[in-house]
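Let me begin by presenting the structure, written as structure tokens, before commenting on it.
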Amino acid sequence: MPQLFQNPVLPEGSPRVRLTTDAGDILLGLYDKRAPKHVENFLKLCGDGFYDNTSFHRVISGFMIQGGDPNTKEGEPDTWGLGGPGYKIDPEENDLFHFSGVLSAAKQGGETQSSGSQFFITTGAPHHLDGVHVVFGTVIEGMDVVSTIESASIEESTADRPAEPVLVLSTTVLE
């Protein structure tokens, strides 16, 4: 049973994905019953290798790490944060909230729809995002890796881009 001020425990058999990064592995559990469109899309992209060799292009200490932009593979840094698979996802209302360790869908430029591929993992509890961004998963293992990524040095010329890229080397959908 969930405690006050936390999201429900993932049901047994919930989909899981391992993000293998050059900082270590992050194991994610997905809320497929509460955000089915977002979970289905994330699983498809992971299974297709879409995220392989992308980087976490936005890192804000005490807030989140963001990845999932294919432009980070070969695009110019000024295009990072603008890429995707060519489609967006309609919002899904659910009873999940932004606490540390939550997997949530990013948006671009104040749009109401979620990016088709970009996601972020929270390192704080940004409740101002509740009901605005769709929570669709949680970190099961690897918050130490998330913390390592969060503590990356940031480029002086940008507000939130790591000076050295932190790559998602591969994703593995677990049965």
Condition first: surrounded by 19 or more Cβ atoms within 10 Å (Cβ to Cβ) and touching an Asp or Glu at 6+ places or on another chain (Cβ under 8 Å). Now tell me which residues in the stretch 137-151 satisfy that. 142, 145
Considering the stretch 160-175, residues that are touching a residue at least 60 places away in the same chain (Cβ under 8 Å) and not β-branched (Val, Ile, Thr), and then whichever is farthest from residue 67 (Cα to Cα), we arrive at 174
Is it fair to say residue 62 is part of a loop (DSSP other than H, G, I, E, B) and either aliphatic (A, V, I, L, M) or under 19 Å from residue 160 (Cβ atoms) (or both)? yes
Pick from 84, 13: which is farther than 21 Å from residue 159 by Cα and either in contact with a Leu (Cβ under 8 Å, 6 or more places away or on another chain) or crowded, with 17+ Cβ neighbours inside 10 Å (or both)? 84
Counting only residues that are touching a His at 6+ places or on another chain (Cβ under 9 Å), give me the strands (runs of 3 or more DSSP E) lying completely in the stretch 104-175 with at least 2 of them. 119-122, 135-141
Looking at (1) farther than 23 Å from residue 33 by Cα; (2) touching a strand residue (DSSP E or B) at 6+ places or on another chain (Cβ under 8 Å); (3) surrounded by 14 or more Cβ atoms within 10 Å (Cβ to Cβ); (4) not basic (Lys, Arg), which is the one condition that is false for residue 96? (1)
Which of the residues spanning the stretch 53-87 are more than 15 Å from the chain's Cα centre (by Cα) and basic (Lys, Arg)? 73
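Only the coordinates and a few stated rules stand behind these numbers; no lab work does. Only a predicted model underlies this, so the values are computations on that prediction, with no experimental measurement involved. Please note: Cβ atoms are built from the backbone with ideal geometry, for glycine as well, and neighbour counts cover all protein chains shown.
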